[in-house]
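Since the structure comes first, as structure tokens, the remarks are kept for the end.
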């Protein structure tokens, strides 16, 4: 816990010392501790609009779920939160995404920095197959140049424990990353993301390629993780969203139709579209 | 109407025979033509062994492979070692020179260049690969070798003569046609080949691998170093093998530039010979069955080395596709 | 991270990244350069050697050129046409058949072996294919000939055609074959009348590429078609006797000790280069058309 706080301060200090990015006042929307916020975010692929005018808050120590039918912009929005669209050809992003009050799309901001702070887990587990489990977990640290063996071992153990994978692999940290089962590989990907101590964790349908047992392990993991991080999860599985999330945003045709506390949305949605989706009338 | 035709054909006994016979003949033809390729390859092995048996009987396999005299004139003694060494040295050295630039271009096209530049470079690379070896050779003889002689070899020779005369025998004759010139040209000729293969290997790396590296906050080069190259290393290795196979078989440009000295020892910039070069130089005028047989023997050695290299490359490629892209 | 000072800073990493971009760009340019120089050189020297004689006269003895009498390479160009045509006539059916075997009967036990052997044959030096043609054709015939040269080049073309045929046919979705079978066509009609026409661009491109490759090869011809300074008396002489071809002639002219022949060599060079490059460009254009279909 201490490490986390100290690094949050460090990370914050680095951002404000080295750059001159204006600090925008975070508006209180009646929701406590907003970590990230998007304002009027629009993402286009060439002439096709991915998402339009999305404004929603991501709260700290809470899980925010993004639901909606396929192709309605949930993943597009998620990826814009850590500037993954920088490497997509043809993608243009307008609007703002604030992390701790600072726009991550400000020209002076280095995207590499953002991606360290906002980690992402993909649908398909992607361990680096040529690296051992150990090297997979500490890959992010090695990028920054950390070579201290003791530190690497500590971080590896901590991250694997956080990802609930340590006990299963502790005897074979040197075996290749590709030698694990699907569910284990996904937890390895999570450990890898956790090792660099992000502040926000994005998850793009993390369990849709896993069997039910592994899925439920991941869901338990999410419950644990949210105590220390802000989590955003995109999911097709309405029940899953209902189980794990505190806030929910419903996307339809590239627009944010409704956003609010999960319980409220599921039991008493304000928008008719939302209700239709939740009751399975389409999607 | 078509149904009626179909009914008509399949019901009449003649129709069934038409189908069956047609299919049978077609398959047999395809099979036979496919078999022809196998027959061709086997013939190559058989012909080379048969033609060279005279030489192997005369000198013994070991004697032929390690013999260092090649004397078609007086002694009638033939040893293949100078040419085997010449081929190996030029090919390995050329590959060593060509490898990094080829990978660099492959990475550049696959990862950095915008689509239109990548496409232009791609076309250029293929165009360059299409230039016939003899054309490169004639340029080498009249433009490159003289240039190398004036700008590199003679200055180096003079410097060595003044400062380190004991090194002169190792350095060799600076006339321009020799192992160094041939190696450089060889490297130039296999770069396009290697580039295409490494670029293919790199583009096969799945998007998710790169994204995983991006997600950890890697810079563009770090993504390549951490996620792309390790993943593609199997394909790159296969490409290197195939390029080596290409280099050892490269005949014309090398023969035109290597100076054609059939005896050891070789020097750094002085003349030498390779297996293909000696065959080209001597086969047309070879008189006497021992001479011809010895040349065929060299052909056989070339065949065996080339076969091994190609089979290794095929093995690596097959293993890669079986394990979904990894050599582990 | 615990101690920021022991790490590479972001600035360092970005600098490294920029450095690599520069290095890679530089390498690409450096490599393209000499290769463009070669083409430029051949074009410049070759153009100045082009004249009407080139396309109308035979070569003759060295004395002819040294004495300033008209020499040319018409016999070479005709010989090249004959040998190359022979080669494609021999190679096309074999390559096509093998490609059909590989793509239309994918479960046949022969195929894995065939594929490996074909790829290996493809990677073999062309000179070995010349040696094979020498042993199989020149020796029994007792003479060098255009026919043996044709076979030698065919051996070069066959693996290329087989490979591109397989690839072109496999790119046609299986559903087309199923549709053909469903309307009652026998298997062989399905392949000939529905699959192959659909793949025709890929098939033709394969022929062109193989042809261009083989057309530039000199090594296999050195001891099969051998070469000839004159036109034979009768056109059959080109098939049954030694005949001149551009690549082989280019080599001989370049290594000869006669300055006049060197000039002729550049002319041969630009003709050969132009020939090969034209084929290549046509093949490339066909491929691009196919992609737009």
| field | Sorted by Cβ density within 10 Å, fewest first, the residues C:193, A:215, A:38, A:179 | value | C:193, A:179, A:215, A:38
| Per-residue Cβ neighbour rank within 10 angstrom, fewest leading, C:230, A:266 | C:230, A:266
| request: Going by C-beta contacts inside 10 Å, put A:48, B:74, C:21, A:257 in order with the fewest on the left. | output: B:74, A:48, C:21, A:257
| request: Please average, across the residues of C:14-26, the number of beta carbons from any other chain that are within 10 Å of each residue's own beta carbon, and give a whole number. | output: 5
| query | Spin-label point model (7 Å from Cα, Cβ direction): what's the residue B:124 to residue C:56 distance in nm? | reply | 4.1 nm
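Summing -39500 (n - 2.57) over the DSSP H runs of n ≥ 4 in chain C and dividing by its residue number, what mean residue ellipticity at 222 nm do you reach, to the nearest 500 deg cm²/dmol?
That calculation yields -22500 deg cm²/dmol at 222 nm.
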| field | Per-residue [θ]222 nm for chain B (sum of -39500 (n - 2.57) over DSSP H runs n ≥ 4, rounded to 500) | value | -24000 deg cm²/dmol
| Shielding score for B:18-29, defined as the mean number of other chain Cβ atoms within 10 Å | 4
| message | I need the shape label for the stretch C:1-150. Rule: rounded when a/c is under 1.5, else prolate if a/b > b/c, else oblate, with a, b, c from the alpha carbon gyration tensor. | response | oblate
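Rounded, prolate or oblate: pick one for the protein assembly as shown, where a ≥ b ≥ c are the square roots of the eigenvalues of its C-alpha gyration tensor, a/c under 1.5 means rounded, and failing that, prolate if a/b is larger than b/c, else oblate. Intermediate values should be presented prior to the final figure.
Details: a/c = 2.45, a/b = 1.73, b/c = 1.42.
Prolate, since a/c reaches 1.5 and a/b exceeds b/c.
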| query | For the stretch C:54-292, what is the convex hull (Cα atoms) projected area averaged across all directions, in square nanometres? | reply | 15.0 nm²
| said: Using only DSSP helix segments of four residues or longer, with each worth -39500 (n - 2.57), what per-residue ellipticity at 222 nm results for chain A after dividing by its residue count and rounding to 500? | reply: -11000 deg cm²/dmol
| If contacts are Cα pairs under 8 angstrom and at least 6 residues apart, what is the relative contact order of the stretch B:60-322 in percent? | 28 percent
| field | Sequence ranges B:275-281, C:182-188, ranked by mean other-Cβ count within 10 angstrom, highest first | value | B:275-281, C:182-188
| Shielding score for B:251-257, defined as the mean number of other chain Cβ atoms within 10 Å | 5
| field | Square roots of five times the Cα gyration tensor eigenvalues for the stretch B:23-155, Å | value | 37, 33, 15
| query | Can you give me the Cα centroid spacing of the stretch A:54-77 and the stretch B:76-98 in angstrom? | reply | 64 Å
| query | What number, in percent, do you get for the relative contact order of chain A if the mean sequence gap of Cα pairs under 8 Å and at least 6 apart is divided by its residue count? | reply | 25 percent
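I need to check one value: relative contact order of the stretch C:54-292, counting alpha carbon pairs closer than 8 Å and at least 6 residues apart, in percent.
For the stretch C:54-292, the relative contact order is 27 percent.
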| remark: The helix A:149-162 Cα axis meets the longest alpha-carbon principal axis of chain A at an angle in degrees, between 0 and 90 and rounded to 10, of 40 degrees
| query | Rounded, prolate or oblate: which fits chain B when a ≥ b ≥ c are the square roots of the eigenvalues of the alpha-carbon gyration tensor, with rounded for a/c under 1.5 and prolate only if a/b beats b/c? | reply | oblate
| task | Treating the angle as unsigned and between 0 and 90°, give the value, to the nearest 10°, between the Cα long axis of helix A:2-18 and the longest Cα principal axis of chain A. | result | 70 degrees
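Read-outs: derived from the displayed coordinates by stated rules, not from any lab. None of the values given here were measured: they were computed from a predicted structure. All Cβ positions, glycine included, derive from the backbone under ideal geometry; neighbour counts span all protein chains shown.
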